[in-house]
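**Q** Structure provided below as structure tokens; questions to follow.
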Amino acid sequence: MPDRALSFGARAETYERFRPGYPPELFDLVREYAGGPVTSALEIGAGTGKATRLFAGQGVAVTATDPDGAMLAELRKHVRAAGVRTVRASLEDLRPGLRRYGLVYAVAALHWTDPEGRWARVAALLEPAGVFASAGGQVRPADPAVTEAVRAARAPFLESDEVPSPDGTPPGDAMQWPGTELRRAGSAWFGGVRQVVIDRRLAMSADEYTGYLSTVSAYAALPAHEREQVFHRIARVLPARVEIVADLVVHLARRR
């Protein structure tokens with residue numbers, strides 16, 4: 001797992017405070033695709049439980065996994081549903097036993113998993129005909145002028161703050177990753193690949209937006225003095241209120 005994947009724990013409280021949660025439409029999409037009740041799920045890369053609380057709030061018994069103990073500790077502060085169990089483990093650490101799940105899902109986390117054997121591992125955790133779901137997307141200012149001002153402010157330190165597509169799929173292609181990979185490497189285990197976009201428009205104060213950026217792995221990986229400088233430069237170019245595009249790209253597939 002790349003070092004950036006384990007850069008979040010030191011900022012677990014900040015992550016919980018500034019990362020946006022997830023809308024009910026995400027669970028509705030999963031339930032509609034499943035074609036019936038979703039009662040048990042394993043979550044890959046649960047973090048502080050932003051998605052965990054959505055699924056657990058719908059009565060799903062969730063096993064929330066994450067390789068970072070600090071992130072899981074923060075999750076346990078905020079997610080108190082009786083049906084939630086936490087396990088400190090990456091996807092690669094999980095060993096299928098007698099337990100299989102009706103749903104395996106990852107929200108803003110799948111790109112941190114090892115592509116080698118990824119789909120065989122996920123399939124082994126699912127019941128026959130079980131559902132896999134992944135959701136993620138970039139969070140960016142809605143105003144192109146603000147986006148450009150932020151890009152120019154960070155340029156001396158970072159060329160980009162985005163996580164590139166793991167398989168190199170261009171942003172404009174109709175099918176995005178991991179749907180592309182599911183149709184290729186994952187096709188022996190999964191079928192019925194579907195992609196749906198949930199439109200989200202949010203608003204943050206300038207402080208909230210720089211707080212959000214402090215949870216992005218590209219900034220977290222910078223030396224502390226550079227991180228302080230880049231956030232100071234970005235704060236200077238932000239309006240008091242930042243309109244945000246935070247669309248969720250959702251991928252669904254069914255275990256063969």
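The values are calculated or read from the model by the stated rules, or taken from the named source; none is laboratory data. Because the structure is a prediction, the values reported are computed rather than measured. We place every Cβ from the backbone using ideal geometry, glycine too, and count neighbours over all the protein chains shown. With ligands, DNA and RNA removed, areas are computed over all heavy atoms of the protein, side chains included. Shrake-Rupley method; radii C 1.70, N 1.55, O 1.52, S 1.80 Å.
**Q** Using a ≥ b ≥ c from the Cα gyration tensor of the range 1-130 (square roots of the eigenvalues), is it rounded, prolate or oblate, where a/c under 1.5 gives rounded and otherwise the larger of a/b and b/c decides, a/b for prolate?
**A** Taking the square roots of the gyration eigenvalues as a ≥ b ≥ c, the range 1-130 is oblate.
**Q** Could you tell me which of rounded, prolate or oblate describes the range 200-256, using a ≥ b ≥ c as the square roots of the eigenvalues of the alpha-carbon gyration tensor, with rounded for a/c under 1.5 and, failing that, prolate when a/b is larger than b/c and oblate otherwise?
**A** oblate
**Q** Could you derive backbone 3J(HN,Hα) for the range 39-45 from the dihedral phi with the Karplus parameters 6.51, -1.76 and 1.60 (θ = phi - 60°), listing whole Hz in sequence and x where the residue is Gly or Pro?
**A** Whole-Hz 3J(HN,Hα) from phi for the range 39-45: 10, 9, 8, 10, 9, 8, x.
**Q** State the Cα centre-to-centre distance between the range 46-105 and the range 203-221 in whole Å.
**A** 24 Å
**Q** Quick check for you: which residues of the range 91-117 have the amide N under 12 Å from the point 7 Å beyond the Cα of Ala124 toward its beta carbon?
**A** It comes to 91-98, 117, nothing else.
**Q** Another one. Can you give the net charge of the other residues whose Cβ lies under 14 Å from the Cβ of Pro171, counting K and R as +1 and D and E as -1?
**A** Around Pro171, the surrounding residues sum to -3.
**Q** Explain nothing, just the number: dipole magnitude of the range 152-256 about its Cα centre with +1 on each Lys and Arg Cβ and -1 on each Asp and Glu Cβ, in debye rounded to the nearest 20.
**A** Here the size comes out at about 500 debye.
**Q** State whether the chain is rounded, prolate or oblate according to the following rule on the C-alpha gyration tensor (a ≥ b ≥ c being the square roots of its eigenvalues): a/c under 1.5 gives rounded; otherwise a/b larger than b/c gives prolate, and the remaining case gives oblate.
**A** Prolate, since a/c reaches 1.5 and a/b exceeds b/c.
**Q** About the Cα centre of the chain, what is the dipole size in debye to 20, counting +1 per Lys and Arg Cβ and -1 per Asp and Glu Cβ, all else neutral?
**A** Dipole size: approximately 760 debye.
**Q** Pairs of alpha-carbon atoms within less than 8 angstrom and 6+ residues apart define the contacts here; what relative contact order does the chain have, in percent? Don't skip to the end; give the middle numbers.
**A** Details: 446 pairs, mean separation 59.9, N = 256.
Taking the mean separation of contacting Cα pairs over the length of the chain, I get 23 percent.
**Q** Here is a follow-up. Using a probe of 1.4 angstrom, how much of the accessible area of the chain is carbon and sulfur, in percent? Numbers along the way, then the final one.
**A** On the way: 6040 of 11990 Å².
Percent of accessible area from carbon and sulfur atoms in the chain: 50.
**Q** If DNA, RNA and ligands are ignored and the probe is 1.4 Å, what is the ranking of Glu181, Glu162 by accessible area, most exposed first?
**A** Glu162, Glu181
**Q** When Lys and Arg each count +1 and Asp and Glu each count -1, what net charge do the other residues less than 11 Å away from Gly130, Cβ to Cβ, add up to?
**A** Working: positive: Arg100, Arg254, Arg255, Arg256; negative: Glu127.
After counting each charged neighbour, the total is +3.
**Q** Using the heavy atoms of the protein chains and a 1.4 angstrom probe, tell me the accessible area per residue for the range 136-256 in square angstrom.
**A** Per-residue value: 51 Å².
**Q** A follow-up question, please. Pull out the extension gain between Ala145 and Glu243, defined as 0.36 nm times the separation in residues minus the alpha carbon to alpha carbon distance; nm, one decimal.
**A** 34.1 nm
**Q** How do the peptides 117-126, 61-70, 149-158 rank, highest first, by the average count of neighbouring beta carbon atoms within 10 Å per residue?
**A** My ranking of the peptides, most packed first, is 61-70, 117-126, 149-158.
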